[in-house]
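Here the structure is laid out as structure tokens; the discussion comes afterwards.
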Amino acid sequence: MIDLAVIAVYLVAIAAIGLRISGKQRSATDYFVGERNLSWWAVCFSIVATETSTLTVISVPGVAYLGAYGFVELAFGYLLGRILVAIFLLPLYARGNLVSAYEYLGQRFGSTVQGLASVTFLVTRLLAEGVRLFASAIPIALLLAAMHVKANYFEIIVVLAGVTVAYTYIGGIRAVIWTDAIQMMLYVGGAILSIVVLATHTTLADLNHAFDAGKFQVFEFHTHILTNPFAFVAAIFGGAAFTMASHGADQLMVQRILACKNLRDSRKAMIGSAVFVMFQFALFSLIGTLLWIKFGGRTPAQLGLTSPDQLFPEFIIRGLPPGISGLMVAGILGATMGSLSSAMNSMSNSTLTDLLRLFARRDYGDKAMLRLSRISTLFWAGALVGFASMFSDTHSPVVVLGLSITGYTYGALLGAFLLGLLVKRANGRDGAIAFIATVVVMAVVVLSVKIHGQALAFPWYVPIGVAITLLVGGTLSLTHPPDAPRTGREKGARERRTAAQPALPNEG
């Protein structure tokens, strides 16, 4: 009952806090970028909370239990990638009063490429977040069942989405960012408490035994670099490319950066998020190591479990004191709601900024755009619930497809940005053809390419996609004179956007 009370209080409190701190929204710009005056550290925490889901919280300990600290190694690649984003991509967004990352592509290549990028982002988010929402309901249902509370997946999905949309609908990005920061501190605090409880039953001899068994190993130099995502080259190089796409070309993350006061704060939030993610991975990996010590290195099957993902939830229910268990479950809920609220708001943003505003034949006032923003948020919330509810078990191949969907699209998104930066003579036609070709080729790569019977490691998807985009777009750019004129419609749209966009404050 104590645990259930903690969870109930959390759900009510987070909705109330989100509504309280959201402030008054006057326009769609306020709704999506919060008047560009949010603290960099709050934005930093929001980025971390957005990229952290229930699967991260329960899967990283399982990976460390069976292996070592591969996710920490991957985080070094993330740090490198975000430094590159801060240096090369963030200045692009700081040059104009952008609300969406894909407005840059519209300015550089025209409306076709901007629309393609936006639709690709929306489809990617719908698949990835819908599957993530469903997958998050699975451990929550198990945890509630252990507390003698019966709830099916659909009920959990509806409750999570309902509470999340309550503050996202009214408060916009300001409510999303501040509640993300609170939720991140909650699940990190729960992880620290779990470590304290586990450490009280761990001796120095136990730690030495784990060290000798290689449980604290961070870097892997002797594994196949094409099939093992934690091989050193794959983790550093592939991880850097992946995070450049996810944090430099995905509206889900870029929207948070656009809410910062200036370029300097944006860079601090971006790089700081990588440092904190590394700390977070180390924290959850340490939980996996301590669980390995606690269970004597037995396999999940020997413990009566069906997967390593059940190790941490099992400890939460059986090994934590009453109240602390509820706090940790609330932390898992927070991880889910943080990524879900971010997805709702960013999908609404892209729908209005990159599609409605770009292709509509009429201008909307501030109040009308704000109303449409909230309607769009409700629409995507319903779409995510509907999509998540389509699944019936964790072993569905569609789940695997949804979780790896970024492999199809991230290379094309990042490649489009790099094509615009690096190939000056590339025009809208080149960008559109290269974008479509990359998505098609990556579908073949993800589904068909095998190395010694094993799938290609996911960190390589983005570098391959970027290479295809640059190769196709660069080759096509040689088929026409440099600085080819745009069509009248594209040129006029660009001039209207430029005239309507005042410069940002001092970039710092």
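The values are calculated or read from the model by the stated rules, or taken from the named source; none is laboratory data. Keep in mind that what you see is a predicted model, and the values were worked out from it rather than measured. Neighbour counts run over all protein chains shown; Cβ positions are idealised from the backbone, glycine included.
Tell me whether the range 155-172 contains one or more residues that are farther than 28 Å from Leu19 by Cβ and either touching a Gly at 6+ places or on another chain (Cβ under 9 Å) or not in a helix (DSSP H, G or I) (or both). Checked against the condition, which is being farther than 28 Å from Leu19 by Cβ and either touching a Gly at 6+ places or on another chain (Cβ under 9 Å) or not in a helix (DSSP H, G or I) (or both), the range 155-172 yields no hits at all.
If you go through the range 400-442 and pick out every residue that is closer than 24 Å to Ser53 by Cβ, assigned to a helix (DSSP H, G or I) and among the small types (Gly, Ala, Ser), you end up with 4. If the condition is being surrounded by 22 or more Cβ atoms within 10 Å (Cβ to Cβ) and more than 24 Å from the chain's Cα centre (by Cα), then the range 312-343 contributes Ile316, Ser325, Gly326.
Checking the structure you have, find out if any residue of the range 147-156 is in contact (Cβ under 8 Å) with a residue 40 or more places away in the chain and either buried (at least 21 other Cβ atoms within 10 Å of the Cβ) or among the acidic types (Asp, Glu) (or both). So far as the range 147-156 goes, no, none of its residues is in contact (Cβ under 8 Å) with a residue 40 or more places away in the chain and either buried (at least 21 other Cβ atoms within 10 Å of the Cβ) or among the acidic types (Asp, Glu) (or both).
Here is the figure for the range 360-380: residues that are surrounded by 23 or more Cβ atoms within 10 Å (Cβ to Cβ) and not hydroxyl-bearing (Ser, Thr, Tyr) total 1. Kindly check whether there is at least one residue in the range 460-472 that is assigned to a helix (DSSP H, G or I) and farther than 19 Å from Gly238 by Cβ. Within the range 460-472, one or more residues are assigned to a helix (DSSP H, G or I) and farther than 19 Å from Gly238 by Cβ. When Thr351 is tested against (1) of a type outside the set (Asp, Glu); (2) surrounded by 24 or more Cβ atoms within 10 Å (Cβ to Cβ); (3) modelled with pLDDT of 80 or more, just one condition goes unmet, and that condition is (2). Taken over the range 258-267, the criterion of being crowded, with 18+ Cβ neighbours inside 10 Å and either assigned to a helix (DSSP H, G or I) or at pLDDT 95 or above (or both) is satisfied by Leu263, Asp265, Ser266, Arg267. Residues in the range 31-66 that are among the aromatic types (Phe, Trp, Tyr) and modelled with pLDDT of 85 or more: Trp40, Trp41, Phe45, Tyr65.
Quick check, is Ile138 part of a helix (DSSP H, G or I), at pLDDT below 85 and of a type in the set (Val, Ile, Thr)? So Ile138 passes the test.
Looking only at the range 97-129, residues that are small (Gly, Ala, Ser) and either surrounded by fewer than 23 Cβ atoms within 10 Å (Cβ to Cβ) or outside any helix (DSSP H, G or I) (or both) come to 6 in all. Remark: Ala269 matches the filter, which requires a residue to be in contact (Cβ under 8 Å) with a residue 24 or more places away in the chain and farther than 22 Å from Gly70 by Cβ. Glu314 passes every criterion in (1) assigned to a helix (DSSP H, G or I); (2) in contact (Cβ under 8 Å) with a residue 60 or more places away in the chain apart from (2). Go through (1) at positive phi; (2) touching a Cys at 6+ places or on another chain (Cβ under 8 Å); (3) not β-branched (Val, Ile, Thr) one by one and return the number of the condition Gly297 breaks. If we test Gly297 against (1) at positive phi; (2) touching a Cys at 6+ places or on another chain (Cβ under 8 Å); (3) not β-branched (Val, Ile, Thr), just (2) comes out false. Checked against (1) buried (at least 18 other Cβ atoms within 10 Å of the Cβ); (2) touching a helix residue (DSSP H, G or I) at 6+ places or on another chain (Cβ under 8 Å); (3) more than 18 Å from Ser59 (Cβ to Cβ), Phe281 meets all criteria but (3). In the range 361-375, the condition of being free of Cβ contacts under 8 Å to residues at least 12 places away in the same chain, closer than 18 Å to Val176 by Cβ and hydrophobic (A, V, I, L, M, F, W, C) is met by at least one residue. Among the criteria (1) surrounded by 18 or more Cβ atoms within 10 Å (Cβ to Cβ); (2) touching a helix residue (DSSP H, G or I) at 6+ places or on another chain (Cβ under 7 Å), the one Arg357 does not fulfil is (2).
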